[in-house]
1. Between A:Arg210 and B:Arg50, take the C-beta separation as r, use R0 = 30 Å, and let me know the FRET efficiency to the nearest 0.05.
2. To the nearest 20 debye, what is the magnitude of the charge dipole of the stretch A:35-215 about its Cα centre, counting +1 on the Cβ of each Lys and Arg and -1 on the Cβ of each Asp and Glu?
3. Given +1 on the Cβ of Lys and Arg, -1 on the Cβ of Asp and Glu, and no further charges, what dipole in debye does the protein assembly as shown carry about its Cα centre, rounded to the nearest 20?
4. Taking +1 at the Cβ of each Lys and Arg and -1 at the Cβ of each Asp and Glu, which of B:Pro11, B:Leu93, B:Gln60 sits farthest along the dipole of chain B towards its positive end, judged by Cα position relative to the Cα centre?
5. Where the only charges are on Cβ atoms (+1 Lys, Arg; -1 Asp, Glu), what is the dipole of the stretch B:11-90 about its Cα centre, to the nearest 20 debye?
6. With contacts defined as alpha carbon pairs under 8 Å and 6 or more residues apart, what's the relative contact order of the stretch A:152-208 in percent?
7. Which GluC sites (Glu not before Pro) does chain B hold that lie in a coil by DSSP with at most 14 other beta carbons within 10 Å?
8. Give the separation of the Cα centroids, the stretch B:1-76 to the stretch A:124-151, in Å.
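What follows is calculated from the coordinates using simple rules that are stated; it is not laboratory data. If you're wondering where the values come from, they're calculated on a predicted model, not measured in any experiment. All Cβ positions, glycine included, derive from the backbone under ideal geometry; neighbour counts span all protein chains shown.
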Amino acid sequence: MSTAPDSRSDHPLDPAASLDLIAESQRRVRRGTEPDCRLICLVWGIAWAVGYLVLWTSARALGVPGVVAYVVFGTLLAVAVVVTIVHSARRAAGTRGPGHRATVLWGATWFLAFGVYPFVIAGLGRAGASDDVTGLASNALACVIIGVMYLTGGASFGDRGLFVLGAWILLTGGVATMAGMPATYLVMATVGGGGFLAITVVWQVLHLRRRAGARR
Amino acid sequence: MTELDTVIHAPARLRVVSTLAALRAGEEITFAKLQKLLDMTAGNLSTHLRKLEDAGYVRQTKEFAGRRPVTYLALTTDGRRAFEDYTTTLQDLLRGAGS
């Protein structure tokens, strides 16, 4: 346990140093209590880019994606979900209040939405939807759920990064559905996964610039 | 107003207050999480929290999570106002020094 900051405690600072200290403390609070969008975006970017490329490659060869391709895709998405939940829960731990309750309810909405999701897709299949329609609809519905959840999350928590992600996913879903099968998977991998990775790089550059600015 | 609030105007307490002020209104933080964010010893943090509580700036709520005691901390309305006045005074002082 470090005690370095304590040793300065009895020496008042000048106004500029005090304002710097306030800004640094508040940055630490954000880092310590809010999820790091760069990590979440990176994990989802890899999951989407690799997972959808595997689906696309398999669908091109077989007409529809094979079982192995779905297993790889499902595993990657499951890892991304677990990383997101564990990371967000760790950051939120140790605080409580109206904001925390809203976060818990928002988290529960994810489970509700994706709990209903397989029934909607199964219902389409039972109503006679072809493999192509089922494939397109399952992608499109997932994009709409994730996109709208991120948009509402961004609006509720005042998080611009989350809002941008939501808008990107929603748009990707629209473009990918219009591309048809199996090109939809390629659009999801490049525009969706590639987009996540590009956003991660932009955030990382902005983060490094802010940190360099704070040191000056 | 050009007098800085002496309760807040000490680096360690300023870090405590600005950390608590960064939480949303109505939000509370555990002692352990605050200690981790501030990287302070438990004893030192307790001392500064007591001074802030005596000034009416910080509210402590002690509860049990199972058998484990947990202390939640938050700024009071007076504490939040004092911090806003303090930052306004700092900015006024800086503007005065710059003009």
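1. The computed FRET efficiency comes out at 0.30.
2. Dipole size: approximately 840 debye.
3. Roughly 460 debye for the protein assembly as shown.
4. Most positive-ward Cα: B:Gln60.
5. With only Lys, Arg, Asp and Glu charged at Cβ, the dipole is about 280 debye.
6. 22 percent
7. Sites meeting the loop and neighbour criteria: B:Glu3.
8. 48 Å
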